[in-house]
Amino acid sequence: MTTAPGSGSRDDPLDLRRAPLAALRGIDLRSPTRDLWADEQASWDRFVASWAGLDDAAWRLPGAAPSDAGGPDWSLLDHVAHVAHWQELAIDYVARAEATGEWPSDEDYDGGDFDRYNERSREPWSTFAPAEVRDRLAAGHDRLRSAARRLPLEVIRGDDGWGWVYMTLHGHQLDHLGVLEPWADRLRERQAQNDPFVADPRPSTGDDRADSDAFWAAEASVMAIWDQLVRPVPLERWVAAELTPGWTLRDHVAHVADWFEEGATAIEEQAAMGAWRDGPAEGFDAWNERQLDARRELGPGDVVDRFEATYRRLSDATRSMPAATLRSPDGWSWAYECLHGHVRSHLAMVGPWCARVGWPAPDEV
């Protein structure tokens, strides 16, 4: 059997992970010639890579898209939570369909007014932390995929089941990518330029313990994203490609470690002498390039070791700072910017590449 050009057949492959979304809309993913589960895996990979490198503040920023039911604009968190919510609904109705052969009706959801139902369903999800939404999304995806794989393919592709299974797996993801990919790209551009997405990232409740807890919670969140994206990249890939002009992953990590070291030194000097050092006299760009040139003889493993050592040194120095010193303009600049403000900036630059490094090559799909 042959399929029409543009359908993504084996004779005319179209990479769901990389092809323009407009091209994917022309594929008949319901066709028996398609590998349903390969398509689903590809769309899932693309979906979770769409927000790679964005910190939690970016997730809550409204403006990704207007509400179809007249509510406030949706954020990245709202979109991903919406997909996670429907996955959890689908786990139940797929199990019921497997047992009884009965599928839901549109009437089950606000009488078929899905816009109104989806708007109502933003709560309580909008109150969840981004990490919780991501965790529930991943867990729900695994459970739904397992449940759906128990159904015969002819049942999934049938008139009764297709919309209810496909739309909560790859169809839903592909639909939302039309909003999420361009929105995430804009957010990454801002984050790379150190936009904190809030008026002032300094915790300022007046309670020293609460402010310290908030500071370290934000730091832990950023470093968790770093650990999820950067650490899994095989060391042999760290110098395989330029992620930004002239800079490989090794270069980015070495550069971040340089500023860990500079921040720690500045904080330690201020504690000992009572004065803050100035920034590099030659300018930041020249200093960065000179420092990086001095690190380029280091292999990726050595860069990782140095990153760990300088991170611990800066963390320890920051924890030793009195609360008033940390809140001061100089103290905040050295501690926050070097410890996790700078990390989140580079996550925006390297995150998408790191998320995609394990994808099959285009000629393997």
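Rule-based calculations on the coordinates, nothing more; no lab input. Owing to the predicted nature of the structure, the values given are computational and were not obtained by experimental measurement. Reconstructed Cβ throughout: ideal geometry from the backbone, glycine too, with neighbour counts over all protein chains shown.
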**Prompt:** What percent do you get for the relative contact order of the range 208-356 when only Cα pairs under 8 Å and 6+ apart count?
**Reply:** 38
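When only C-alpha pairs under 8 Å and at least 6 residues apart count, what is the relative contact order of the chain, in percent? Walk me through the numbers before you get to the answer.
Working: 377 pairs, mean separation 78.5, N = 365.
In percent, rounded to a whole number, it is 22.
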**Dipole in debye (nearest 20) - the range 21-194, about Cα centre, beta carbon charges: Lys, Arg +1; Asp, Glu -1** = 540
**Message:** What FRET efficiency comes out for Leu153 versus Asp195 if R0 is 51 angstrom and r is the Cβ-Cβ distance? Round to the nearest 0.05.
**Reply:** 0.65
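Output needed for the chain: three equivalent-ellipsoid semi-axes, defined as square roots of 5 times the C-alpha gyration tensor eigenvalues, in descending order, whole Å. All intermediate terms of the calculation are to be shown ahead of the outcome.
Numbers: eigenvalues 388, 129, 50 Å².
Semi-axes (√(5λ), whole Å): 44, 25, 16.
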**Request:** Please work out whether the range 51-145 counts as rounded, prolate or oblate from its C-alpha gyration tensor, where a ≥ b ≥ c are the square roots of the eigenvalues and a/c under 1.5 means rounded, while otherwise a/b larger than b/c means prolate and anything else oblate?
**Result:** oblate
**Fill in**
Residue-ordered couplings for the range 307-315, obtained by feeding phi - 60° into the Karplus form 6.51 cos²θ - 1.76 cosθ + 1.60 and rounding to whole Hz (Gly and Pro as x), are 4, 4, 5, 6, 4, 4, 5, 5, 4
**Asked** Can you give the longest stretch of the chain with no exposed loop site, where a site means GluC sites (Glu not before Pro) in a DSSP loop (not H, G, I, E or B) with at most 16 other C-beta atoms within 10 Å?
**Response** 103-241
**Amide H partners (placed H, <5 Å) of Ala65, local residues excluded** = Trp74
**Request:** Report the local net charge at Pro130: Lys and Arg +1, Asp and Glu -1, summed over other residues whose C-beta lies under 9 Å from its C-beta.
**Result:** -1
**Item:** Structure-based [θ]222 nm, the chain - -39500 (n - 2.57) summed over DSSP H runs of at least 4, per residue, nearest 500
**Value:** -18000 deg cm²/dmol
